[in-house]
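The structure under discussion appears below in the form of C-alpha cells.
The values are calculated or read from the model by the stated rules, or taken from the named source; none is laboratory data. No experiment lies behind these values; they were computed from the predicted model shown. Every residue, glycine among them, receives a Cβ derived from its backbone with ideal geometry; neighbour counts consider all protein chains shown.
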Amino acid sequence: MQPPIPVTVLTGFLGAGKTTLLKHMLKAEHGLKIAVIENEFSDAGIDSQLLGEEPVQVMTLANGCVCCTIHTDLTKALYLLLERLDAGEIAFDRLVIECTGLADPAPVAQTFFIDEELRERYILDGIITLVDAVHADVHLTQSIAQAQVGFADRLLLSKTDLADTATVDALRERLARINGRAAIRVVEQGRIDLAELLDVRGFNLNSDLGANLRPTLRPVLKPAIPDRISTLVLRSDVALDIDRLSDFMNELLETHGKQLLRYKGVLNIAGDDRRLVFQGVLKLYGFDWDSEWPAEQARESVMVFIGDDLPQVKIQAGFAALGQRLAQ
C-alpha cells in the first residue's frame, strides 16, 4: 500500500490572502504534484470556470497540480480524489484544503481522525492560518478568527508591508499569547518558501514539543478585553503515575473537551524510561511511547493546551495537586 498522502489545511479570516497564496502554489514550477480542494464560498475562486453544476469538479493544471472545486461535503471530495487517483486519471502526492474565511477548522481536522479509510489514505500534516496584519485587531474580535489562530501549527502574517513595525510587533505578541506553539512567518503577496508550509508534522506523535514553545522575553501589556483563546502550559518535574494522569485527562476532556482546540504533551511516567507523547483535537486524542529519555536531559513533563475560555487556575491547581500526591 502507498504511504498516506500528507494534508495541509489552509485557513484564515476573510481577505487574509489564502487564495493569493494558493494561486502562487498552483502556478509555481516546484515539481510537486499538489492537489487543492477549494470551496466555492471562498472570497475569490482560483478558477471561476471550475464552478459548474456538478458537486465536485477536478481539473489538472499545466504544472501537474490538481484543482478540485467542491460545493458538497469534504468527505465526498476526498473519496472522489482517491477514486480518480487509484484509477490513474489524476496524480498527486500532497493535498491542500482551503477553508472558507468564516469556517471553523475543527470539523476539517476531525475528518482525518474519525473516518477509518480516510485515516489510512491521508495523514493530516498541519494547519496553516493566515493573519492579515492590517486588519487583525478587527478580525480577532471574532471568536472564529481566534479559533483559526488557536488551531494553527504555523501562522503566516500577510500585508506586513502595509502595517507599521509597532503594529506588527504587537500582533506577534498577541498571537503568541493565543497560540504559544505555532511558529510565525511572513508571506509576501502570496509568496513563501513551500518548505514553510509542507512537512510541518504538526499532528505527528513526537517529543519535539519544547522546541516549539516561544517564551515571553519581556513584559507584555495585556489587552483590556482578554482573548477567549489562549495557551496554557503545565509543567512537572515529578514522575507521573499513569493511572492518576489518566483520571486527570479524562475529567478534563469530559468537562472541557469542546473548549480544547489543540493540545500536546511529552510526559515522564513513573516506572518507565520512555517518554509518553500525546496530542488531540477537541475530544479526539492519541498517545504513544516515544524514545527513552536521554541520560543528560532532565525528565520534565510538559503539557500544552490551546483552549477557548479555559478555567486555567482550576486546571493548574488540579495538575499541581496531582504532582504533590505523587511526591508524597
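Step by step: first the residues of the range 1-34, then only those that are touching a Phe, Trp or Tyr at 6+ places or on another chain (Cβ under 6 Å) and β-branched (Val, Ile, Thr), then the one that is nearest to ILE128 (Cα to Cα). Which residue is that?
Restricting attention to the range 1-34, the residues satisfying the condition of being touching a Phe, Trp or Tyr at 6+ places or on another chain (Cβ under 6 Å) are 4-5, 7, 33.
Add one more test, that the residue is β-branched (Val, Ile, Thr), and what stays is 5, 7.
Working: ILE5: 17, VAL7: 11 Å.
Among those residues, the one meeting the criterion is VAL7.
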Filtered residue count, the range 90-110, keeping only those that are free of Cβ contacts under 8 Å to residues at least 60 places away in the same chain and part of a loop (DSSP other than H, G, I, E, B): 3
Check on THR75, part of a helix (DSSP H, G or I), surrounded by fewer than 19 Cβ atoms within 10 Å (Cβ to Cβ) and out of contact with any Cys (no Cβ under 8 Å at 6 or more places or on another chain): yes
Evaluation of TYR263 against (1) hydroxyl-bearing (Ser, Thr, Tyr); (2) in contact (Cβ under 8 Å) with a residue 60 or more places away in the chain; (3) within 20 Å of ASP153 (Cα to Cα) (one fails), failing number: (2)
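Any idea which residue in the range 277-304 is nearest to the chain's Cα centre (by Cα), counting only those that are assigned to a loop (DSSP other than H, G, I, E, B) and aliphatic (A, V, I, L, M)?
Selected residue: LEU282.
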Single condition GLU83 does not satisfy, out of (1) over 22 Å from LEU21 (Cβ atoms); (2) in a helix (DSSP H, G or I); (3) touching a residue at least 12 places away in the same chain (Cβ under 8 Å): (3)
Positions within the range 260-277 being out of contact with any Ser or Thr (no Cβ under 7 Å at 6 or more places or on another chain) and surrounded by fewer than 17 Cβ atoms within 10 Å (Cβ to Cβ), in sequence order: ALA270, GLY271, ASP272, ASP273
Residues within the range 119-157 that are out of contact with any helix residue (DSSP H, G or I) (no Cβ under 8 Å at 6 or more places or on another chain), in contact (Cβ under 8 Å) with a residue 40 or more places away in the chain and either polar (S, T, N, Q) or assigned to a helix (DSSP H, G or I) (or both), tallied: 4
Residue list for the range 158-190, filter: in contact (Cβ under 8 Å) with a residue 24 or more places away in the chain, over 19 Å from the mean Cα position of the chain (by Cα) and over 16 Å from GLY12 (Cα atoms): ASP161, LEU162, ALA163, THR167, VAL168
Within the range 299-328, considering residues that are modelled with pLDDT of 90 or more and among the small types (Gly, Ala, Ser), the one nearest to ILE229 (Cα to Cα): GLY307
